[in-house]
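The next block holds one structure in the form of structure tokens; read it before the comments.
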Amino acid sequence: MQRVALVTGGMGGLGEAVCIKLAALGYKVVTTYSPANKKAAEWLRAMNELGYDFKAYPCDVSDYDSCAVCIKLIEADLGPVEVLVNNAGITRDTTFKKMTKADWDDVIGTNLDSVFNMTKQVMDGMMHRNWGRVINISSVNGQKGAFGQTNYSAAKAGMHGFTKALALEVSKKGVTVNTISPGYIGTKMVMAIPSEVLDSKILPHIPMARLGKPEEVAGLVAYLSSEEAAFVTGANISINGGQHMF
């Protein structure tokens, strides 16, 4: 029986690469999208034309009740969620002096509250079945900080605190909880950074002198989702080209 893998925010960049990789490995892949996303049907059609039978459900991941409804629909339609990839995220970059309460709340809600909101819906089932994988997509900037990202860095650092504590609680039940902290990956969001900024401010700080590939991160997600990763839990695995080592 195919395992159901849910990737939040899977309709672009890194999330799309994760969906494709897990599908190639035989998972039944589901993603969520913001109810405000007007291109969800278009994305599904494009993926279907490429041979991927993805399912997608609208969900405000920052809202607990929306997540509860979403998971009930997914599990009624497809079966229990056994792999959860908490990937949904946004940025509202600005210096702390200029940051508004809305800038803070939007990022914390989408990037951190969502991890609780989604994981809460599936954890009891994972523990009951004695098998589950939760993979939280953090960031190098949650490890080292970044100018103009107090909200984003706080949310991404908080994700790994969540990972470590929950891993301790559920490890005896065959459930692993891990964090992946990518560096600068060649997604549309990163490629939108002006080339002069990439060339002068970002690439010089990456020893490999290049951006990462979404497929490289997706391969790590695939490993952590596998049977072979059963002894890996509470970890924060960096994939940043050597930009930040500790």
C-alpha long axis of helix 13-24 to longest principal axis of the chain, angle in °:
30 degrees
Testing the spin-label approximation: label points 7 Å from Cα along Cα→Cβ at ALA46 and GLU215. State their distance in nm.
1.8 nm
Just from its helices, what would the mean residue ellipticity at 222 nm be for the chain, if runs of 4 or more DSSP H residues each count -39500 (n - 2.57) and the sum is divided by every residue, rounded to the nearest 500 deg cm²/dmol?
-12500 deg cm²/dmol
Pairs of lysine residues in the range 121-201 - Cα separation under 22 Å, sequence separation of 8 or more or cross-chain:
9
Using packing as a proxy for protection, rank 221-228, 109-116, 7-14 so that the peptide with the highest average count of other Cβ atoms within 10 Å comes first.
7-14, 109-116, 221-228
Isolated Cys in the chain by the 4.7 Å beta carbon test?
CYS19, CYS67
Compute the normalised compactness of the chain: alpha-carbon radius of gyration over 2.2 N^0.38 Å, N being the residue count.
0.97
Helix 114-129 vs. the chain, principal-axis angle (Cα, 0 to 90°, nearest 10):
30 degrees
Dividing the surface of the Cα convex hull of the range 88-206 by four yields a projected area in nm² of 8.3 nm²
Helix 40-49 versus the longest principal axis of the chain: what is the Cα-based angle in degrees, 0 to 90, to the nearest 10?
70 degrees
Mind telling me which of ASN117, ASN141, ASN48 comes out most flexible in a GNM of the chain, alpha-carbon contacts under 10 Å?
ASN48
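No value in this document is a laboratory result; all are computed from the given coordinates. Note that this is a predicted model, so its numbers are computed, not measured. Neighbour counts run over all protein chains shown; Cβ positions are idealised from the backbone, glycine included.
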